[in-house]
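Everything below concerns the one structure shown next.
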Amino acid sequence: MKFKGIGMWSAELILITTSGRMNLCVPDDLGSRKSVSHFYFDGQLQYGDVVREFREKWGEFKGWIIYYLICAHNMEIERVLKK
């Protein structure tokens with residue numbers, strides 16, 4: 001079944017938020033891309049496909065790891081802005 005405007009990003013996000021499927025993450029999400037890029041690729045923004053492949057080594061914890069990377073990245077941004 002297909003719905004116009006509903007793609008992989010939306011499907012993964014819905015599964016994570018409604019059913020707690022923390023073994024998933026949304027690698028095409030800009031926040032995920034920025035966080036992984038910041039901590040693992042010297043800040044060079046990576047495409048979703050790169051993040052999708054990179055996250056596989058985290059196994060069932062990939063959703064949790066992305067969540068904490070996003071939180072850590074946001075905290076670092078806030079710290080820098082307060083200076």
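Computed from the coordinates by the stated procedures, all read-outs in this text should not be read as laboratory data. The structure presented is a predicted model; accordingly, all values stated were derived computationally and were not measured. Every residue, glycine among them, receives a Cβ derived from its backbone with ideal geometry; neighbour counts consider all protein chains shown.
If you take the square roots of the eigenvalues of the alpha-carbon gyration tensor of region 42-83 and sort them as a ≥ b ≥ c, do you get rounded (a/c under 1.5), prolate (a/b over b/c) or oblate?
Oblate shape, in that a/c is at least 1.5 and b/c is the bigger or equal ratio.
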*Put a dot 7 Å past each Cα toward the Cβ at SER10 and TYR68; how far apart are the dots in nm?*
3.2
*asked:* Under 8 Å for C-alpha pairs, at least 6 residues apart: give me the relative contact order for the chain, rounded to a whole percent.
replied: 28
*asked:* At 7 Å along Cα-to-Cβ for each site, give me the label-to-label distance between LEU30 and THR18 in nm.
replied: 2.5
*From the list (i) 20, 15, 11; (ii) 24, 14, 13; (iii) 50, 10, 8, can you say which value of semi-axes √(5λ) of the Cα gyration tensor in Å was derived from the structure given?*
(ii)
*Evaluate E = 1/(1 + (r/R0)^6) for PHE3 and PHE39, where r is the Cβ-Cβ distance and R0 equals 25 Å; express this FRET efficiency to the nearest 0.05.*
0.15
